[in-house]
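Peer 1: What follows is a single structure, and I will ask about it in a moment.
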Amino acid sequence: MSAIPVQPTPIRRTFGEWLRRNPITLKEMRSRMRGRRAFAVLTVNALLLGGLVSLIYMTYAANTQTFNSPSNLQSLGKLIFATAVGMQLLITCFTSSSSAVGAISSERERQTFELLRTTLLPARSLVLGKLAAAVLFNLLVILSAIPIASLSFFFGGVTLEEIAIASVFLIVTALAFSSIGLFFSSLLRRTSQATAVSTVVTLILLFGIPVFMLIIQGLLSTMTYYGGSRTGMTSVEAELTRNFVIWLLISISPISAGVATLALLLENKTALSMTLTLSNGTSVSYPAPWIAYTVVYLLLSVLLIALSVRAVKRVDK
Amino acid sequence: MPPIIEIKDLSKKYGKRTAVNQLNLAVEAGEIFGFVGPNGAGKTTTLRILATLLRANGGEAFIAGHSVRKAPRGVRGVIGYMPDSFGIYHDMRVWEYLDFFGACYHLREGERKRLVNDLLELVDMTPRRDEMVDKLSRGMQQRLGLARTLIHDPQVLILDEPASGLDPRARVEIRELLVELARMGKTVFFSTHILADVAEICTRVGIIEAGRIVATGTLDELQRGLATQRAVHISVLDRATEAQEFLSALPGVGGVEAHVEQNQQQRTRLEVKFTGDDAALSAMLSGLTARSIPIVHFSEDSQNLEDIFMQLTKSSLD
Ligand SMILES: Nc1ncnc2c1ncn2[C@@H]1O[C@H](COP(=O)(O)OP(=O)(O)O)[C@@H](O)[C@H]1O
Ligand SMILES: [Mg+2]
């Protein structure tokens, strides 16, 4: 065997090139595709979406009126699209966090983590490689739903804008929830622990926040009512605060942000901002929930990825 | 040239328990160094610190001049580390396993292909290249693990109990491989609690006990340094009493016992307790032959390794 000089990593590379060179991504994709799980996830996803969409179609088809007017058909199209995207959103939250939740902890459990750490592979490449594999797989799941969602295109009514927003929404969700799984995987020693914590967090983000929001909304309404006397705020200030808090809460849960965005789209004005009218008649505009959602979840992802890299880098004490 | 592995006053505590206690050790390039000690002596802890996986509480360690604490990446580039457990991926073929780790050292694809073939050849696993790693026998996995440590052509191999849990044949194969690697110019630093592993192949050994080095040196040195008393066996055909008187009068001889050996053509066996060096031992033999005493056997009963080991590590048994 001759001496092989260790090649320094070239710094300037395109993302695609980096991805192709990252040994972790390659290994993960290979083993994911080799296993039966990927196939199972794709199948279950298609069955769930297909089932739901068929149900809607059959319900509508039972009513002969549906096919009489183009506008009825269009709303059928919109409904199918919204349902497919909403369902896919829910599924993506779970498949993303669960497909990244073993990323680091399973390497620890297999005792391959230390082997990797003694190589020249930087912690950052390990973390990003794992994340890329999880996100790419979930994008594949999302892509596989397109044929079903595209059924809605036959009926018309779905705009290009809606398709674009849905895509951004789903991609950001796949990235963010993969990052959540990855983070707990890097923090906790066991995959079972990471799975438990990450599932709880996913449930809180999906359902906990909307419930919390409803409670807060109730509380804030009372506060607004007593606004002037109790908090020293004018009633307009109190109302503004309330609206802001609610807007924020709506935007940080995938479900509420999705529903609110859908409502915006159905109102058919603009999908970029949300306007709320105060009791004194003035109206205030906020960025649309899907925009806030995108910003918040992208920032969250970056933070979680950085924390994961730190956890991987940490030398045992 | 400075030692390729240098450990200075290294200490490691787990909570209140001291695992490594001000350990000092130097290994020269090209050595096969056996790090021997009973279970719990602190071998794995020391090796993990050297492999940059664990931070010491005190002291320093250098590998090929790189500080384990300050330049972990430099260290990683020059060491091949094999932990006491074989890290298995369940869904990987033998060649993929090596190729994957090669990529983790940033080796290019074409280079890796050639290296994987060379390494499989070296560890005699070419026919297994497409088998799944988790289906391999323990001995095969250990050899594959060794091949993995070599993928980036490191100068130093740090191996934690490379022969443990193997059947005798696989053990011999691993030992032969280590010798082969040293011949290729690598420094091999390996831990073991099995003495037979170090006996045949090590250039030097260091014995660790309760986190401290209690002895280092070649096996000969250890044996001589420890043998406070040597036992010499001499068999004579005749004139046993004369021989016994001559021997008893020699300086350094502490006593001579004579036994008539049964079924051995009237031989008499003399057991001599002796504290002299090799020159004195040789003089003993020349003295006997100068008197034409019919000697049929003359040997030193070398103290076996287990005895030395027990002597050195007896504090753990107290
Ligand atoms: N992670 C750990 N936490 C606490 N104690 C440990 C840990 N690892 C090892 N020890 C203790 O440190 C001592 C040395 O262990 P180790 O280095 O594994 O010895 P060896 O490899 O020689 O058998 C033992 O007493 C062991 O119980
Ligand atoms: Mg050990």
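The values are calculated or read from the model by the stated rules, or taken from the named source; none is laboratory data. On a predicted model such as this, the values are computed, not experimentally measured, just so you know. All Cβ positions, glycine included, derive from the backbone under ideal geometry; neighbour counts span all protein chains shown.
Peer 1: For the subset of the range B:43-55 comprising residues that are facing chain A (nearest Cβ under 10 Å) and either of a type in the set (Lys, Arg) or touching a helix residue (DSSP H, G or I) at 6+ places or on another chain (Cβ under 6 Å) (or both), which member is nearest to ligand 2 (Cβ to nearest atom)?
Peer 2: The qualifying residue nearest to ligand 2 (Cβ to nearest atom) is B:ARG48.
Peer 1: Out of curiosity, is B:VAL133 closer than 20 Å to B:GLY80 by Cβ and in contact with a strand residue (DSSP E or B) (Cβ under 8 Å, 6 or more places away or on another chain)?
Peer 2: Yes; evaluated as a whole, the condition is true for this residue.
Peer 1: Within the range A:187-218, work out how many residues are assigned to a helix (DSSP H, G or I), over 20 Å from the mean Cα position of the chain (by Cα) and within 25 Å of A:ARG124 (Cα to Cα).
Peer 2: 4
Peer 1: B:VAL94: touching a Pro at 6+ places or on another chain (Cβ under 9 Å) and more than 7 Å from every other protein chain (Cβ to nearest Cβ), yes or no?
Peer 2: Spelling it out, it is not the case that B:VAL94 is touching a Pro at 6+ places or on another chain (Cβ under 9 Å) and more than 7 Å from every other protein chain (Cβ to nearest Cβ).
Peer 1: For the range B:100-144, give me the residue count where each residue is closer than 19 Å to A:LEU115 by Cα, part of a helix (DSSP H, G or I) and at the interface with chain A (Cβ under 9 Å from one of its Cβ atoms).
Peer 2: 7
Peer 1: Any idea which of (1) at negative phi; (2) within 16 Å of ligand 2 (Cβ to nearest atom); (3) in a loop (DSSP other than H, G, I, E, B); (4) out of contact with any Gly (no Cβ under 6 Å at 6 or more places or on another chain) is the one B:GLY40 doesn't satisfy?
Peer 2: (1)
Peer 1: Let me ask something else. In the range B:154-166, how many are within 17 Å of B:LEU181 (Cα to Cα), surrounded by fewer than 19 Cβ atoms within 10 Å (Cβ to Cβ) and out of contact with any Ser or Thr (no Cβ under 8 Å at 6 or more places or on another chain)?
Peer 2: 0
So that you can scan it fast, the table gives a plain yes or no per residue for (1) under 30 Å from B:ASP9 (Cβ atoms); (2) more than 16 Å from ligand 1 (Cβ to nearest atom):
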{"residue": "B:LEU159", "(1), (2)": "yes, no"}
{"residue": "B:ALA182", "(1), (2)": "yes, yes"}
{"residue": "B:SER191", "(1), (2)": "yes, no"}
{"residue": "B:ARG230", "(1), (2)": "no, yes"}
{"residue": "B:ARG239", "(1), (2)": "no, yes"}
{"residue": "B:ALA249", "(1), (2)": "no, yes"}
{"residue": "B:GLY252", "(1), (2)": "no, yes"}
{"residue": "B:ARG267", "(1), (2)": "no, yes"}
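Peer 1: What are the residue pairs meeting all of these: first residue in the range B:144-161, first residue under 12 Å from B:LYS186 (Cα atoms), second residue within 16 Å of ligand 1 (Cβ to nearest atom) and assigned to a loop (DSSP other than H, G, I, E, B), Cβ atoms under 8 Å, and 6 or more apart or on different chains?
Peer 2: B:ILE158/B:ALA51
Peer 1: If only one of B:THR52, B:THR45, B:THR18 is in the same structural domain as B:GLY185 (by TED's automatic domain parsing), within 14 Å of ligand 1 (Cβ to nearest atom) and either crowded, with 19+ Cβ neighbours inside 10 Å or within 23 Å of B:GLY185 (Cα to Cα) (or both), which one is it?
Peer 2: After applying the criteria, what remains is B:THR45.
Peer 1: Output the residues belonging to the range B:71-99 that are basic (Lys, Arg) and in a helix (DSSP H, G or I).
Peer 2: Residues satisfying the conditions are B:ARG73, B:ARG76.
Peer 1: Now, a different point. Looking at A:LEU143, A:LEU120, A:LEU126, which is the one that is touching a His at 6+ places or on another chain (Cβ under 7 Å) and either under 22 Å from A:THR92 (Cα atoms) or within 14 Å of another protein chain (Cβ to nearest Cβ) (or both)?
Peer 2: Exactly one of A:LEU143, A:LEU120, A:LEU126 is touching a His at 6+ places or on another chain (Cβ under 7 Å) and either under 22 Å from A:THR92 (Cα atoms) or within 14 Å of another protein chain (Cβ to nearest Cβ) (or both), namely A:LEU120.
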